[in-house]
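S.K.: After the structure tokens below, expect a handful of questions from me.
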Amino acid sequence: MASRRPLRFGFTVDGQPSTGDSADMRVTYHGRFNRKAAEADARRRFEEWRNIGNPLIRRWSADQIVLT
């Protein structure tokens, strides 16, 4: 079922799900998203983010917003 409220997923550097300000990387979905699909996409985005070699680019891309 799709949701209209924002979905938020956060991860620590070691890949553990996290909430609040303790997350090192966050993905927020605005619009109509299936929670299961959004969670899988957030995990994929996290894996790509974690593999970025440049720490400055990783810092700039730590907060991602996805719109529909």
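The values are calculated or read from the model by the stated rules, or taken from the named source; none is laboratory data. On a predicted model such as this, the values are computed, not experimentally measured, just so you know. Backbone-built Cβ (ideal geometry, glycine too); neighbour counts: all protein chains shown. SASA here: full protein model, heavy atoms, side chains in, ligands and nucleic acids out. Shrake-Rupley method; radii C 1.70, N 1.55, O 1.52, S 1.80 Å.
S.K.: What number of residues within the stretch 44-68 satisfy the criterion of being farther than 18 Å from ALA23 by Cβ and surrounded by 16 or more Cβ atoms within 10 Å (Cβ to Cβ)?
M.R.: Counting residues in the stretch 44-68 that are farther than 18 Å from ALA23 by Cβ and surrounded by 16 or more Cβ atoms within 10 Å (Cβ to Cβ) gives 0.
S.K.: So the check is Cβ under 8 Å with 6+ separation or different chains; which pairs have a first residue in the stretch 38-61 that's closer than 13 Å to PHE9 by Cβ and at pLDDT 95 or above and a second one that's open to solvent by 80 Å² or more (accessible area, probe 1.4 Å) and of a type in the set (A, V, I, L, M, F, W, C)?
M.R.: none
S.K.: Exactly one condition in (1) modelled with pLDDT of 95 or more; (2) out of contact with any strand residue (DSSP E or B) (no Cβ under 9 Å at 6 or more places or on another chain) is false for ARG26; which is it?
M.R.: (2)
S.K.: Let me ask something else. Within the stretch 4-43, which residues are within 24 Å of LEU56 (Cβ to Cβ), open to solvent by 60 Å² or more (accessible area, probe 1.4 Å) and part of a helix (DSSP H, G or I)?
M.R.: ASP21, SER22, ARG43
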